[in-house]
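Worksheet for the structure shown next.
Read the figures in this text as sums done on the coordinates, not as results from a lab. Since the structure is predicted, the reported quantities are computational estimates derived from the model, not experimental observations. Here the Cβ is made from the backbone with ideal geometry for all residues, glycine too, and neighbour counts use every protein chain on show.
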Amino acid sequence: MYNVLVGGAAGQGIETTVAVLERMLKRSGYSVFTQKDFMSRVRGGHNFSLVRFGNEGVFGHSYHLDGIVALDSTTIREHSSQLSADGFILCDSSIEADDPRVIAIDMNSMAKELGNPRVSGSIATGAILKLFGEPLEGIDNALSASIKPKYLEINQKAARRGFEAVRERFPHLTGTHAGDLLISGSQAMALGAIAAGLRFYSAYPMSPATPLMEALAVKADEVGLVVEQAEDEIAAINMAIGASFAGARAMTGTSGGGFSLMVEALGLSGIAEVPLVVVDVQRPGPATGLPTRTEQSDLLFAISASQGEFPRIVLSVRNGEDAFYQIMRAFDLAERFQVPVIVLSDQYIGDSSWTITRLDPARISVAPVGDEVDQKGPYLRYRDTDSGVSPRAIPGDGRHIVAIDSDEHDEAGHITESARMRVQMVNKRMRKIDGIKAQLKEPAFIGTDNFDVLFIGWGSMWAPLTEAVGLLNEGKEGCYAALVFGDVYPLPQRLLLDKSKQASRIIDVEQNATGQLAELIRRETGIVCDARILKYDGRQISGEEIAERIWEGADNR
Amino acid sequence: MSAQADSVREEEFHCASETAWCPGCGNFSILACLKEALEGLGLEPSQVLLAAGIGQAAKIPQYLNANAFCGLHGRALPAAEAAKIANEHLTVVVSTGDGDSYGEGAGHFIHAIRRNVNLAHFVHDNQIYGLTKGQASPTSMLGIKTDVQVDGNIADPLNPLAIAIAAGAGFVARGFVGHHDQLVKLMKEAISYEGYALVDILQPCVSFNKLNTYAWYNERVYDLGSSYDPSDRMAALAVASEFGERIPLGILYKAKRVPFHERNETLKSGPPLFKRTTDPALVDRFIEEYV
């Protein structure tokens, strides 16, 4: 497995360089995982991407580097300590660096000779491919996906110049991933929503949720989907509810700050029983927090947001593949139970590129919008049923009158203050929880059955925990295992109760400061975690970091 | 249409609920006019969506037999816009109060004008908050005393019609509950207009607004009349700024604008959005793009 960092200032073209590189590596057979570490600015500062690739499955990042591509001197200063002894630092010869690992190429002169100073990234791409023993075949095609036609030829030449400027350093590893997908979590989520029949998406731009909106917008015309940029998040969620009420499968997406604005309407979806999917691509809060970075600190907020009591579902996303299937399930569950479904992603999931097997939409069946209702007799939108779910007619689609109300209402949807009707309607809505619980999925179990120490985590902790369990078990086979929750609320308990009995110690691993999943587990089951590994600096914990914390004694506290 | 057919139609929109309004409330007139307007346009209740927020005015969908979206305070417009986007065959009417429209939902008001989804927005403008028992509204006049504005209202009233015209609305009108026939006509024209249409409806609040009474309005309102040209935007702005000794009624401004459905690529052609499905082959092709 190899790990290369490409770093520079915002605006230097890191994103394009990495997009071409990761595509080339994946098409060569590697499993590739790219993490993006960007500052909240458009120019300057220090940004980098970590491109990790290998012939076995790569699904998380590492801070231990085999190579650094430095588009500025800051990158060398910040990261050379992470570089292995036989690693390389590829940079322009104008950058002064007193490090024996430096491979200086006169990129600036080459670029000038080629007639455009902005092709340094392609020179670097060519050089990296050579360093890792990759052929240059296919570079033209890979470049064309990220570079405008009029700059294509010059970038092709630049890649060749870079390729010729260095010698091979690392052997090519033969992988089987050429036919896999290379996709970001947000892109996978957008495809899942489209596959589920999304017709209306309303949102207000907010990092790191905007890539989801962009991924939907670029396909909207072809799909027959309306993507509407709302005036604020309150409008965005009320629009999604209005569209869903009128029969268009609808979703809104945001990050924590926008989600905070949406909470009253979340309750509207709950009491009015309008299916709704809300995506929260989490970032560190509170308030503005760290806008372009990652955290898992909205869990307890999501499960309790909005006044009053109503059934809701909270799902989380564990990796790029999960983003596709979880969002499809979210639409199915929202429709079947006529409730709001909150999907928790985060910057790490959303912005990273994942190598995954072909996505199969047929794996998830999504309930059709609305129900066939008897066209004779009066229609009761909130007819009291055993399951708590009432047949849903779509207004304007048939002769029925469909009335929904944010006030407490009777079965016909008319406002009421009757004590009896209030209790009847609360009970009807809350009864849905039994049906919901039966549909939710148990956490993923990672490790072997003879474990001793059990990690618990949720969402994007899947990749770090999977790697950590592997690393820790290398020395002590079978000692460590992990449960990583995808569906988080209502909390699936069967596997947790089962595995926790066997564990001598339970260690909570989360990307937040308070251990929110551990708190939810304690509240729901009484199970108390013995130790916690928490990170809240905005940078995703890696598998290696978890293992190191264990070796340092985190499980002996 | 025969008189008999008329009465049958009227029955269709009639809903026999007891109302929560005070005797003498202007909302009764608005309800009667709305019923008459919908019936007069020959609409079926199942093809009409009434949307409202929260407030005394916002209870109007409860008392009419039509599809109803009784949402959150201030948020009727975005929900109604999206419902219309989802099903262009629905006739969408937002009928709700001045607090809903110009206070809590003021931002949505401006952006609904920009978006220009084809719907009619009827604002029951009684210049006071009724359901919360008599606080100043965004259109309350300076100096009006309430339990909250104990020294008199010190915030200048906003001028919704001037705002709407300045923001680019294509249909801006004012009605008065005391002028029944004109109000019905304005409602019908607003519903028939292709795009966002605002009718600000002056309506006394007999319980909490002792200043802007029927008599107060009657002394001031006048009909713009047939000599007025509603296509002149600058003239419309001048007329809209008139609110004091004389208050104009009628269509202040009307112009053709391209509605949302003709601007959005997806909606330009094809069946209503909610009737569409996604071709699985298209999804497969999108997935292939990531190989």
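Which is the longest run of chain B containing none of the GluC sites (Glu not before Pro) found in DSSP loop states (not H, G, I, E, B) with at most 13 other C-beta atoms within 10 Å? Don't skip to the answer; put the middle values down first.
Working: sites that count: B:Glu18, B:Glu245, B:Glu265, B:Glu289.
Excluding the exposed sites themselves, the longest stretch runs over B:19-244.
Can you grab the distance from the C-alpha centre of the stretch A:138-184 to the C-alpha centre of the stretch B:93-123, Å, no decimals?
Taking the Cα centre of each part, the stretch A:138-184 and the stretch B:93-123 sit 52 Å apart.
Any idea what the relative contact order of chain A is, in percent, if you count C-alpha pairs under 8 Å spaced at least 6 apart?
That works out to 12 percent.
Distance between Cα centroids, the stretch A:210-269 to the stretch A:430-493: provide it in whole Å.
31 Å
Residue by residue through the stretch A:411-428, which ³J(HN,Hα) values in whole Hz follow from phi under the Karplus form 6.51 cos²θ - 1.76 cosθ + 1.60 (θ = phi - 60°), with glycine and proline marked x?
4, 7, x, 9, 4, 8, 10, 5, 4, 5, 5, 4, 5, 4, 6, 4, 4, 4
Find the relative contact order for chain B and round it to a whole percent, using C-alpha pairs within less than 8 Å whose residues are 6+ positions apart. Numbers along the way, then the final one.
Numbers: 571 pairs, mean separation 49.7, N = 291.
Dividing the mean separation by the residue count of chain B yields 17 percent.
Could you run the Karplus curve 6.51 cos²θ - 1.76 cosθ + 1.60 with θ = phi - 60° over the stretch A:133-139 and give me ³J(HN,Hα) per residue in whole Hz, x for Gly and Pro?
Each residue's phi maps through the Karplus curve to give x, 8, x, 8, 4, x, 5 Hz.
Please list the non-local residues whose amide H lies under 5 Å from the amide H of A:Val226, H modeled 1.01 Å from N, same-chain partners needing a gap of 5 or more.
Sorted by chain and number, the residues that satisfy this are A:Phe200, A:Tyr201.
Is the shape of the stretch A:1-87 best called rounded, prolate or oblate, per the rule: a/c under 1.5 gives rounded, else a/b larger than b/c gives prolate, else oblate, with a ≥ b ≥ c the square roots of the Cα gyration tensor eigenvalues?
Numbers: a/c = 2.13, a/b = 1.37, b/c = 1.55.
Oblate, since a/c reaches 1.5 and b/c is not below a/b.
Let me have the relative contact order for the stretch B:188-288, percent, based on Cα pairs under 8 Å that are six or more residues apart.
Working: 61 pairs, mean separation 24.7, N = 101.
For the stretch B:188-288, the relative contact order is 24 percent.
What is the helix-to-structure angle for A:210-223, meaning the angle in degrees between its Cα long axis and the longest Cα principal axis of chain A, kept from 0 to 90 and rounded to the nearest 10?
The two axes meet at around 70 degrees.
Give me the net charge of A:Ile433's neighbourhood, meaning all other residues with Cβ under 11 Å from the Cβ of A:Ile433; Lys, Arg count +1, Asp, Glu -1. Mind showing how you got there, number by number?
Working: positive: A:Arg312, A:Arg429, A:Arg431, A:Lys432, A:Lys437; negative: A:Glu309, A:Asp434.
Residues close to A:Ile433 contribute a combined charge of +3.
Give me the net charge of A:Phe310's neighbourhood, meaning all other residues with Cβ under 15 Å from the Cβ of A:Phe310; Lys, Arg count +1, Asp, Glu -1. Could the numbers behind the result be given before it?
On the way: positive: A:Arg312, A:Arg422, A:Lys428, A:Arg429, A:Arg431, A:Lys432; negative: A:Glu264, A:Glu273, A:Glu309, A:Asp405, A:Asp407, A:Glu408, A:Asp434.
Here the charged neighbours net out to -1.
Tell me whether the stretch A:200-252 comes out rounded, prolate or oblate; compute the Cα gyration tensor, take square roots of the eigenvalues as a ≥ b ≥ c, and use a/c under 1.5 as the rounded threshold. Display every interim value, and only then the final one.
On the way: a/c = 2.34, a/b = 1.07, b/c = 2.18.
Oblate.
Under the rule of at least 5 residues apart or a separate chain, name every residue whose amide H is placed under 5 Å from the amide H of A:Val279.
HN-HN under 5 Å from A:Val279: A:Thr252, A:Gly253, A:Thr254, A:Val343.
Before rounding to the nearest 500, sum -39500 (n - 2.57) across all DSSP H runs of length at least 4 in chain B and divide by the residue total; then give [θ] at 222 nm in deg cm²/dmol. Please report the intermediate quantities before stating the final value.
Numbers: 10 runs with 96 residues, N = 291.
About -9500 deg cm²/dmol.
Among B:Ser95, A:Ser62, B:Ser226, A:Ser365, what is the fewest-to-most ranking by other Cβ atoms within 10 Å? Working shown, then result.
Values: B:Ser95 30, A:Ser62 20, B:Ser226 7, A:Ser365 11.
Ascending Cβ contact count within 10 Å gives the list B:Ser226, A:Ser365, A:Ser62, B:Ser95.
Of A:Tyr325, A:Tyr536, how do they rank once you tally other Cβ atoms within 10 Å and put the fewest first? It would help to have the intermediate numbers written out before the result.
Values: A:Tyr325 21, A:Tyr536 17.
So the ranking, lowest neighbour count to highest, is A:Tyr536, A:Tyr325.
With θ set to phi - 60° and the Karplus curve 6.51 cos²θ - 1.76 cosθ + 1.60, what are the ³J(HN,Hα) couplings of the stretch A:322-334 in order, to the nearest whole Hz, using x for Gly and Pro?
4, 4, 5, 6, 5, 6, 4, 5, 4, 5, 5, 5, 4
Treating the angle as unsigned and between 0 and 90°, give the value, to the nearest 10°, between the Cα long axis of helix B:106-115 and the longest Cα principal axis of chain B.
50 degrees
Sort A:Thr174, B:Thr132, A:Thr75, A:Thr385 so the one with the fewest other Cβ atoms within 10 Å of its own Cβ comes first.
Working: A:Thr174 9, B:Thr132 15, A:Thr75 26, A:Thr385 12.
Exposure proxy ranking, most exposed first: A:Thr174, A:Thr385, B:Thr132, A:Thr75.
If you take the square roots of the eigenvalues of the alpha-carbon gyration tensor of the stretch B:20-79 and sort them as a ≥ b ≥ c, do you get rounded (a/c under 1.5), prolate (a/b over b/c) or oblate? Walk me through the numbers before you get to the answer.
Details: a/c = 2.27, a/b = 1.07, b/c = 2.12.
Oblate is the answer for the stretch B:20-79, as a/c is 1.5 or above yet b/c matches or exceeds a/b.
What's the center-to-center distance, using Cα atoms, between the stretch A:291-344 and the stretch A:10-69 in Å?
The distance from the Cα centre of the stretch A:291-344 to that of the stretch A:10-69 comes to 28 Å.
Per-residue ellipticity at 222 nm for chain A, helices alone: DSSP H runs ≥ 4 residues times -39500 (n - 2.57), over residue total, nearest 500 deg cm²/dmol? Numbers along the way, then the final one.
Numbers: 19 runs with 210 residues, N = 557.
After summing the helix terms and dividing by residue count, I get -11500 deg cm²/dmol.
Please compute P(r) over all alpha-carbon pairs of chain A, binned at 20 Å starting from zero, and give each bin as a whole-number percent.
21, 49, 25, 5, 0
From the alpha carbon gyration tensor of the stretch A:189-332, can you work out the equivalent ellipsoid semi-axes (sqrt of 5 times each eigenvalue) and give them in Å, largest to smallest? Don't skip to the end; give the middle numbers.
On the way: eigenvalues 83, 67, 43 Å².
Working from the Cα gyration tensor, I get semi-axes of 20, 18, 15 Å.
Less than 14 Å Cβ to Cβ from B:Gly99, Lys/Arg counted +1 and Asp/Glu -1: what total charge do the surrounding residues give? Intermediate results must be reported in sequence, preceding the final value.
Details: positive: B:Lys59, B:Arg75, B:Lys133; negative: B:Asp98, B:Asp100, B:Glu104, B:Asp125, B:Asp200.
Taking every other residue near B:Gly99 into account, the sum is -2.
Could you state the angle between the C-alpha long axis of helix B:76-86 and the longest principal axis of the C-alpha atoms of chain B, as a value from 0 to 90 degrees rounded to the nearest 10?
Approximately 30 degrees, to the nearest ten.
Please name whichever of B:Asn27, B:Met187, B:Gly71 sits farthest to the positive end of the charge dipole of the stretch B:3-265, dipole taken about the Cα centre and charges placed at Cβ: Lys and Arg +1, Asp and Glu -1.
Positive-end residue among those listed: B:Gly71.
Under the rule of at least 5 residues apart or a separate chain, name every residue whose amide H is placed under 5 Å from the amide H of A:Gly54.
It is A:Tyr2, A:Ser31, by chain and number.
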